[in-house]
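Trainee: Mind having a look at this structure? Questions to follow.
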Amino acid sequence: MRGLSKVAGVSLALTGRVAAACPTCRPAVEAGIFDEHFWGRLAITALPFALILCIVFLAHRAGSSASARLPEERR
């Protein structure tokens, strides 16, 4: 039963709705989110993930090139 609760929690987290505004407030909320600063804020939010991905990629390439330089008998 413990496994079922984990599956239920993950599925709820992935399919759950975010906080929704009432029909009266929805236009004001959307206008506040999708204003002229939206793309800049999105870029600033995504920047740490891009940096981490770049660092992991470079570390992976450095590791594979280092193993290619080892003599055959040490592999």
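Trainee: Kindly indicate whether any position in segment 47-70 is open to solvent by less than 60 Å² (accessible area, probe 1.4 Å), at pLDDT 90 or above and under 25 Å from the mean Cα position of the chain (by Cα).
Mentor: So far as segment 47-70 goes, yes, one or more of its residues are open to solvent by less than 60 Å² (accessible area, probe 1.4 Å), at pLDDT 90 or above and under 25 Å from the mean Cα position of the chain (by Cα).
Trainee: A follow-up question, please. Report yes if Arg17 is modelled with pLDDT of 90 or more and either assigned to a helix (DSSP H, G or I) or out of contact with any helix residue (DSSP H, G or I) (no Cβ under 9 Å at 6 or more places or on another chain) (or both), otherwise no.
Mentor: no
The values are calculated or read from the model by the stated rules, or taken from the named source; none is laboratory data. Owing to the predicted nature of the structure, the values given are computational and were not obtained by experimental measurement. Cβ sites come from the backbone with ideal geometry, for glycine too, and all protein chains shown count toward neighbours. Heavy atoms of the whole protein, side chains included, go into the accessibility calculation; ligands, DNA and RNA do not. Shrake-Rupley method; radii C 1.70, N 1.55, O 1.52, S 1.80 Å.
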